[in-house]
Amino acid sequence: MCRMNRLQKIVGLVVSGIICLTACLSLGSSDSEKAKKEKPLVASMTSSPEIPDEVIFCGEKIDLTRYNMHEGFDRELTSFIYFHSTTMLHFKRANRYFSVIEPILKANGVPDDFKYLAVIESNLDVRALSGANAAGIWQIMPATAKQYGLTVEKEVDERYNIEKATEVACKYFNSAYKKYGNWAAVAASYNAGMGRISGELSKQNAETTFDLWLVEETSRYVYRIMAIKQIFENPYKYGFVLKAENLYKPIECKEVEVSSNIEDLAAFAAEHNVTYADLKQFNLWLRDRKLTTAGKTYKILIPKESELYYKKPNTKVHDSRWVID
């Protein structure tokens, strides 16, 4: 009898549980259907950007209505818009480095739009080094650097000196422009080399680099430059909302001329009241722990102590279009 009573109780509990579970599932299903009707299925909206019929690059109108032009630009614009973290970082770094690059481009007669080529080459990462050993903001190869007069040695690598590297990049741009008479072709040749671009223009009987069949990296290259320019000039339109305090501030430095050997750069840094890390960060061209001048005079940047802290929000904005305040 006792066993039978226990069994009946267990069966009763199981049946009750099933009834409750069925009721809960019914209610849950009802709530789920209601949620679907009232809210979207995802937390954010993803939409395709509007592609303009034309853009201006280096003062020239670039028609984007042809299928390959439209789709090439669309790919890069969409990529930058939805690769939020890296694109946001471009703005922050540009606030520090565009003020260095722009005057040098202007002094050398190179269109201002070529600063965006530096963005594409290195993400404005001053320490950038590719697998092919291209270095610095402009990703200059060792042979090219030496060809244009930069020192590339164990202790000194001037590809990491932003001012000197920009001067070299300008020399290349002007040399290529004399050859092509077209800035888009100059930009493409920076990626592929003048020999490749000239050879393909001839072999494919093409008039512009936009009509060439090239390796994917080079085919995308100029579109990437034009697309990042579009975003830099219209950040809010493409969803990038920044304030002045979000941008990396330019850090003021004093110059110290050195014409004699420095046996210990850490000791040299201490003498100037900066850390060895800060000395290297602001003088990335110093590649060793010592400096042998060999009769040359070098300018070493020493960051000012007061400039090294964000005790107050950054107020220096290179381009007012980048911020909402």
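Structure values in brief
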item: Yes/no for V241 being closer than 21 Å to K92 by Cβ and in contact (Cβ under 8 Å) with a residue 40 or more places away in the chain; result: yes
item: Candidates T46, T87, T65 - the one that is touching a strand residue (DSSP E or B) at 6+ places or on another chain (Cβ under 9 Å), farther than 20 Å from T218 by Cα and not assigned by TED's automatic domain parsing to the domain that holds P303; result: T65
item: Test: L242 is on the phi < 0 side of the Ramachandran plot, crowded, with 19+ Cβ neighbours inside 10 Å and not in a helix (DSSP H, G or I); result: no
item: Top-ranked residue of the range 152-163 - restricted to ones that are of a type in the set (D, E, K, R) and under 20 Å from the mean Cα position of the chain (by Cα), ranked as surrounded by the fewest Cβ atoms within 10 Å (Cβ to Cβ); result: E163
item: Flag if A134 is farther than 30 Å from A294 by Cβ, crowded, with 18+ Cβ neighbours inside 10 Å and small (G, A, S); result: no
item: Sole residue being in contact with a strand residue (DSSP E or B) (Cβ under 6 Å, 6 or more places away or on another chain) and either assigned by TED's automatic domain parsing to the domain that holds F232 or among the hydroxyl-bearing types (S, T, Y) (or both), chosen from Y298, Y310, Y276; result: Y298
item: Given (1) closer than 30 Å to I324 by Cα; (2) touching a helix residue (DSSP H, G or I) at 6+ places or on another chain (Cβ under 6 Å); (3) among the charged types (D, E, K, R), index of the condition K164 fails; result: (1)
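Yes/no matrix, rows are residues, columns are (1) out of contact with any Asp or Glu (no Cβ under 7 Å at 6 or more places or on another chain); (2) in contact (Cβ under 8 Å) with a residue 60 or more places away in the chain; (3) not small (G, A, S):
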site: S48; (1), (2), (3): yes, no, no
site: D63; (1), (2), (3): no, no, yes
site: G72; (1), (2), (3): yes, yes, no
site: L77; (1), (2), (3): yes, yes, yes
site: F80; (1), (2), (3): yes, yes, yes
site: S85; (1), (2), (3): yes, no, no
site: H90; (1), (2), (3): yes, yes, yes
site: Y97; (1), (2), (3): yes, yes, yes
site: E102; (1), (2), (3): no, no, yes
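The values are calculated or read from the model by the stated rules, or taken from the named source; none is laboratory data. All values derive from a computational prediction rather than experimental measurement. Methodologically, a virtual Cβ is constructed for each residue, glycine included, from the backbone with ideal geometry; neighbour enumeration extends over all protein chains shown.
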